[in-house]
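Single-structure report; data block below.
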Amino acid sequence: MFNIYLFSENFSLINHFIEYSLLTKEFCMKEVSTIVPYSLFEINEDNSIVIIDNTKDRNFDSLLQKFSIINRRKLSVVYLCNNIKSEIQELLNTFYAYFVVEKTNFMDIVYKMKSVFNKERYYKNHICNHVHVILKQLQISQSNLGYKYLQKAILLKSFNEQLKMKELCVLVAKKYATTSTRVDRCMRTVLSTSQEKNAHCFEEMFHDTKISTMSFITILADDLRKELGD
């Protein structure tokens, strides 16, 4: 199940969404609003889609701009409009996945939402499985904290290649309710230990027996993006 945040002045569309969510249980309506909120609520981007209905040419474009600012390239958007503006297209390009719908046909919107969700779910599952195989080859145990920290960091980096090491540690720490310092230390320790025990594996995979945590994360994230055609 994924979460839907709907912003629209079309009450018929809003009612369709509420009824559909209650009947099918395919998604959860987390927020429905006919105005742009003054302060943005915290969104769990991992399983969320924001639907912005700007078919009446109101001020919902400003909402898209706000989401673009806080977006970490994980948030998905379905944007409803009559004509797409060039500046809006540029904003949409900053999101992980988006669809533009030029008519407010409810089932068409639902189809687009499912497409976004299936793409995101496949992408994340593929990354987790791929990273699991790599870490297993390097004899990094799943029971080690460094394992899950590395896996999450690679997932985040694959969504946003601009993230630096400090930012990654902060985001991972937030996910697991710990400190960024501990995240950094755990990842470095587990990687260093693995390099000492499996130098031949690192040489074969990375052409180096000593590789930094950031380089390790970046190489795997870049490979995954290329494989999936980002």
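The values are calculated or read from the model by the stated rules, or taken from the named source; none is laboratory data. Owing to the predicted nature of the structure, the values given are computational and were not obtained by experimental measurement. As a convention, Cβ positions derive from the backbone with ideal geometry for all residues, glycine included, and neighbour counts pool all protein chains shown.
Some points to look at:
- Top-ranked residue of the stretch 159-169 - restricted to ones that are in a loop (DSSP other than H, G, I, E, B) and surrounded by 14 or more Cβ atoms within 10 Å (Cβ to Cβ), ranked as modelled with the lowest pLDDT: ASN160
- Beta carbons closer than 9 Å, at least 6 apart along the sequence or on distinct chains, pair a first residue in the stretch 64-91 that is farther than 14 Å from PHE7 by Cβ and in the same structural domain as ASN54 (by TED's automatic domain parsing) with a second that is of a type in the set (S, T, N, Q) and at pLDDT 75 or above for ARG73/GLN162; LYS74/SER48; SER76/SER48; ASN82/ASN54; ASN82/THR55; ILE88/ASN54.
- Within the stretch 86-103, being surrounded by 14 or more Cβ atoms within 10 Å (Cβ to Cβ), among the hydroxyl-bearing types (Ser, Thr, Tyr) and at pLDDT 65 or above holds for THR94, TYR98.
- Candidates VAL183, VAL172 - the one that is assigned to a helix (DSSP H, G or I), without any contact (Cβ under 8 Å) to a residue 60 or more places away in the chain, within 19 Å of the chain's Cα centre (by Cα) and within 28 Å of PHE95 (Cβ to Cβ): VAL172
- Only one of the numbered conditions (1) under 19 Å from ASP222 (Cβ atoms); (2) of a type outside the set (A, V, I, L, M, F, W, C); (3) modelled with pLDDT of 85 or more is not met by ARG188, and that is (1).
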